[in-house]
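All of the numbers you see were taken from the coordinates with simple rules; none came from a lab. Note that this is a predicted model, so its numbers are computed, not measured. Neighbour counts run over all protein chains shown; Cβ positions are idealised from the backbone, glycine included.
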């Protein structure tokens, strides 16, 4: 849990346990995780392809994420024309319930702006 939880947003252990059980029931082997890791590692640098995107983009990331550094989120947002980067202080590699209202507002703002410019 130390890779996804953070002191700023403690994990609800019961909720995490339930999600872990559901995930295990869906795929009790390590194959899924291994495929995910292999695919992630095999994609290589996508920066040039991101530059070709012409869609409204919101990059949400935790400033305290030890699994995917915030610099990666910044690089992603910088590579996509017009992308907006939002870094959440204290957030690690999960979306804590406490931030859901702010995250929903960011998505709503993006969707509303998209409607008015399409």
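Could you work out the pair-distance distribution P(r) of the chain from its alpha-carbon pairs, with 10 angstrom bin width and percents rounded to whole numbers?
Whole-percent P(r) values from 0 Å outward: 12, 31, 37, 19, 1.
For the chain, what is the mean residue ellipticity at 222 nm derived from helices alone (per DSSP H run of n ≥ 4: -39500 (n - 2.57); sum divided by total residues; nearest 500 deg cm²/dmol)? Let's see the in-between values first.
Working: 5 runs with 58 residues, N = 118.
So the helix-based figure for the chain works out to -15000 deg cm²/dmol.
Considering the zone a paramagnetic label at residue 16 would reach in this model (a point 7 Å from Cα along the Cα-to-Cβ line), which residues of region 44-88 have amide N under 16 Å from it?
It comes to 64-68, nothing else.
Calculate the spin-label point distance for residue 84 paired with residue 53, positioning each point 7 Å from the Cα along the beta-carbon direction, and give it in nanometres.
Result for the modelled spin labels: 1.5 nm.
Given axes a ≥ b ≥ c from the Cα gyration tensor, I'd like to know whether region 49-117 is rounded (a/c under 1.5), prolate (a/b larger than b/c) or oblate. Could the numbers behind the result be given before it?
Working: a/c = 3.18, a/b = 1.22, b/c = 2.61.
It is oblate, given that a/c is not under 1.5 and a/b is not larger than b/c.
Over the chain, what relative contact order in percent results from Cα pairs under 8 Å that are six or more residues apart? Mind dumping the intermediate values first?
Values: 118 pairs, mean separation 37.9, N = 118.
Relative contact order here is 32 percent.
Distance in nm between label sites at residue 75 and residue 63, each 7 Å beyond Cα in the beta-carbon direction?
2.1 nm
Short version: what are the Cα gyration tensor semi-axes of region 35-88, square root of 5 times each eigenvalue, largest first, in whole Å? Write out the running numbers ahead of the final one.
Numbers: eigenvalues 69, 59, 14 Å².
So the equivalent ellipsoid measures 19, 17, 8 Å along its semi-axes.
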